[in-house]
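See below for the structure under consideration.
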Amino acid sequence: MSLTPEILAQLPGDILGNLRQADRLLTSLRENTTSPTIVITENNQTLGNCDWDVVLCGGTLGILIGSILAKNNWRVALLERGILRGRDQEWNISRKELEVFLELELLTEVEITQIIASEYNPARIGFLNSPEIWVRDVLNIGVDPVKLLDILKSKFITAGGKLFEKTAFVSGEIHPDGLIVKAGENTFKTRLLIDAMGHFSPIVKQARNGKKPDALCLVVGTCAQGFSENKTGDLFYSFTPLQKQCQYFWEAFPARDGRTTYLFTYIDATPNRLTLEELFTDYFQLLPEYQQVKLEQLKFVRALFGFFPSYRQSPLQLPWHRVLAVGDSSGSQSPLSFGGFGAMLRHLKRLANGIQAALENDILNRHNLALLQPYQPNIAVTWMFQRAMSVGVNQKIEPQQINLLLSNVFQVMEQLGEPVLKPFLQDVIQFWGLFKTLGETGRKNPGIVFKILPQVGVVTLLEWLRHYVNLAVYSGLYPLGRSLEPWVKNLSPLQQYYYYRLLEAWKYGSGGDYFD
């Protein structure tokens, strides 16, 4: 028996069976053998009065939007295919990002204290044979998803929201004045359908027409006890050269019941690439060297694994009236990140304000809803970074090339200071920080830059240049747009909707929200 089945057998439940099921899904995605099911259709007949303003599918992250809408007296039905309960593993976030709960009056200071399960400082960034970098207060808070969702669930119901558990979305039929949503044995007549079902939402599959992802992030890990006491974490760490046409990266942090360690890698969606089970075997083989511990010293509490598809066409603007994707469904996080909770929090206020304005003005056609998931150049520019950290299936590069590149880039960012380094570590790319980093890296290490160009390819580079220019443009348009705000009160509600959605696109698309 190999390491993976042997160790996973120690944990309750059929973890190995679930892992292999995930690998079958991964294989199907890579081979692109299944056609998307048609779940959204259109009908020209009018419905008349609707029973709901919003039907929200997917409770884990949907409860965040749903709680705000219910608190503001919208008629909201929240559909969850199982029981709405958070997972046992913490969600890591920075403390400042939790302030949106206070701003939107979703949680009190006391409740925020209650949902924090762990906290550590500082965190390490390091690459093979390179100096280590240490930062504080970045993704160092572990939020307890069980407590968070329990609190929000209670508040959602108290505010008048209706929760339908064990009620899986089946289909949606769009009419000129609303939708008929079928879920489980129930039928809902609603003005707006919000998809928060995640990467594998049937609505998203239909909208993307079965397109293969442009990239994948594979992740495996465990939470275990028996490590030496260590109150620090790792945000981004690599101690091995390229292997199996993959560069392995690690993340680690203290958890409430042990220490969590992740191994992740970026790859394309070519068939016959690394599986999750193979990655898990490498994880167990490398973990002792990574954490300076023997496997037999560890008591494994839980196993963690998954894969996260990324698409260049993101954020996703759905092609139908009255249907909006949010969270992982929309692909609004960068291709470097697999943290949907952080991305959802970052955009929570913007989405809540926009959805309510669309409902108030009854502007729910696809063109107006598309303004709620606008093109964001600060996400788009990260595609080249993701490409620079991965290797094509038949591509030949030096085994240490990716480590060397990242070491040089992060050393430059450290020298430029926290205003450059910290936003990048939280998936916020800003033009001046990127401009300075690229300039200094190219000046100090021109040889590294020239080696990367063949790796990423000319097409990727040209596409990146377009997003880079747009990042600069958005950085200039945002302060200009803000200067016009005193005159906006004289505009009609519809005109105000357009103004604020455009302003938000410039703000978030330039990383301007980081300064709020």
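Which pairs turn up if I take residues in the stretch 294-310 that are in contact (Cβ under 8 Å) with a residue 40 or more places away in the chain and look for partners that are open to solvent by 20 Å² or more (accessible area, probe 1.4 Å) and acidic (D, E) with beta carbon separation below 7 Å, at least 6 apart in sequence or on another chain?
V301/D257; R302/D88; S310/D214
Looking at R322, R366, which one is at pLDDT 90 or above, at positive phi and in contact with a Leu (Cβ under 7 Å, 6 or more places away or on another chain)?
Going through R322, R366 in turn, the sole match is R322.
Has the stretch 41-52 got at least one residue that is over 30 Å from L235 (Cβ atoms) and crowded, with 20+ Cβ neighbours inside 10 Å?
The answer is yes; a qualifying residue exists.
Consider T240 carefully, then state whether it is in a strand (DSSP E or B), among the β-branched types (V, I, T), closer than 23 Å to V135 by Cβ and in contact (Cβ under 8 Å) with a residue 24 or more places away in the chain.
no
Looking at the stretch 95-120, which of the residues that are more than 18 Å from R259 (Cα to Cα) and among the polar types (S, T, N, Q) is surrounded by the most Cβ atoms within 10 Å (Cβ to Cβ)?
Within the stretch 95-120, the match that is surrounded by the most Cβ atoms within 10 Å (Cβ to Cβ) is Q114.
Can you pull out the residues in the stretch 426-451 that are in contact with a Leu (Cβ under 6 Å, 6 or more places away or on another chain) and within 23 Å of I379 (Cβ to Cβ)?
F431, K436
Please give the strands (runs of 3 or more DSSP E) falling wholly within the stretch 1-94 in which 1 or more residues are touching a Cys at 6+ places or on another chain (Cβ under 7 Å).
Counting at least 1 such residues, we get 76-79.
Go over the candidates R81, R136 one by one and state the one that is under 23 Å from the mean Cα position of the chain (by Cα) and touching a residue at least 60 places away in the same chain (Cβ under 8 Å).
Matching residue, one of R81, R136: R81.
What about E90, is it at pLDDT below 95, of a type outside the set (S, T, N, Q) and open to solvent by less than 80 Å² (accessible area, probe 1.4 Å)?
Yes; evaluated as a whole, the condition is true for this residue.
For the stretch 428-435, state whether one or more residues are over 26 Å from the mean Cα position of the chain (by Cα), hydrophobic (A, V, I, L, M, F, W, C) and either buried (at least 20 other Cβ atoms within 10 Å of the Cβ) or part of a helix (DSSP H, G or I) (or both).
no
With open to solvent by 70 Å² or more (accessible area, probe 1.4 Å), in a helix (DSSP H, G or I), closer than 18 Å to N378 by Cβ and in contact with a Leu (Cβ under 8 Å, 6 or more places away or on another chain) as the only criterion, which of L502, L465 stands out?
L502 is the lone residue from the list that is open to solvent by 70 Å² or more (accessible area, probe 1.4 Å), in a helix (DSSP H, G or I), closer than 18 Å to N378 by Cβ and in contact with a Leu (Cβ under 8 Å, 6 or more places away or on another chain).
Can you pull out every residue in the stretch 148-186 that is of a type in the set (S, T, Y) and either at pLDDT below 95 or not in a strand (DSSP E or B) (or both)?
Correct list: S154, T158, T167.
Going through the stretch 377-390 one residue at a time, which ones are closer than 22 Å to D268 by Cβ and either hydrophobic (A, V, I, L, M, F, W, C) or buried (at least 20 other Cβ atoms within 10 Å of the Cβ) (or both)?
I379, A380, V381, T382, W383, M384, F385, R387, A388, M389, S390
Confirm whether I68 is under 25 Å from the mean Cα position of the chain (by Cα) and not acidic (D, E).
It is true that I68 is under 25 Å from the mean Cα position of the chain (by Cα) and not acidic (D, E).
Inside the stretch 102-147, can you point out the residues that are outside any loop (DSSP other than H, G, I, E, B) and of a type in the set (K, R)?
R124, K147 - these are the residues of the stretch 102-147 that are outside any loop (DSSP other than H, G, I, E, B) and of a type in the set (K, R).
If a residue has to be within 13 Å of V326 (Cα to Cα) and either of a type in the set (V, I, T) or touching a Gly at 6+ places or on another chain (Cβ under 7 Å) (or both) to count, how many in the stretch 345-370 make the cut?
Of the residues in that region, 1 qualify.
Return the residues of the stretch 1-22 that are surrounded by 15 or more Cβ atoms within 10 Å (Cβ to Cβ) and under 15 Å from L304 (Cβ atoms); say none if nothing qualifies.
Across the stretch 1-22, the qualifying residues are T4, I7, L8, I15, L16, L19, A22.
Would you tally the residues in the stretch 436-462 being closer than 21 Å to P423 by Cα and open to solvent by 50 Å² or more (accessible area, probe 1.4 Å)?
3
Go through (1) open to solvent by 30 Å² or more (accessible area, probe 1.4 Å); (2) not in a helix (DSSP H, G or I) and name the single condition G476 misses.
(2)
Looking only at residues in the stretch 203-219 that are more than 17 Å from the chain's Cα centre (by Cα) and open to solvent by 40 Å² or more (accessible area, probe 1.4 Å), which one is nearest to F308 (Cα to Cα)?
Among residues in the stretch 203-219 that are more than 17 Å from the chain's Cα centre (by Cα) and open to solvent by 40 Å² or more (accessible area, probe 1.4 Å), the one nearest to F308 (Cα to Cα) is K212.
Which one of E165, E185 is in contact with a Lys or Arg (Cβ under 9 Å, 6 or more places away or on another chain) and open to solvent by 40 Å² or more (accessible area, probe 1.4 Å)?
None of the other options fit; the residue is E165.
Just to verify a result, which residue in the stretch 121-137, among those that are in contact with a Gly (Cβ under 9 Å, 6 or more places away or on another chain) and open to solvent by less than 10 Å² (accessible area, probe 1.4 Å), is nearest to L416 (Cα to Cα)?
So, considering only residues that are in contact with a Gly (Cβ under 9 Å, 6 or more places away or on another chain) and open to solvent by less than 10 Å² (accessible area, probe 1.4 Å), the one nearest to L416 (Cα to Cα) is I133.
The values are calculated or read from the model by the stated rules, or taken from the named source; none is laboratory data. Keep in mind that what you see is a predicted model, and the values were worked out from it rather than measured. Note that we place each Cβ from the backbone using ideal geometry, even for glycine, and neighbour counts take in every protein chain shown. SASA here: full protein model, heavy atoms, side chains in, ligands and nucleic acids out. Shrake-Rupley method; radii C 1.70, N 1.55, O 1.52, S 1.80 Å.
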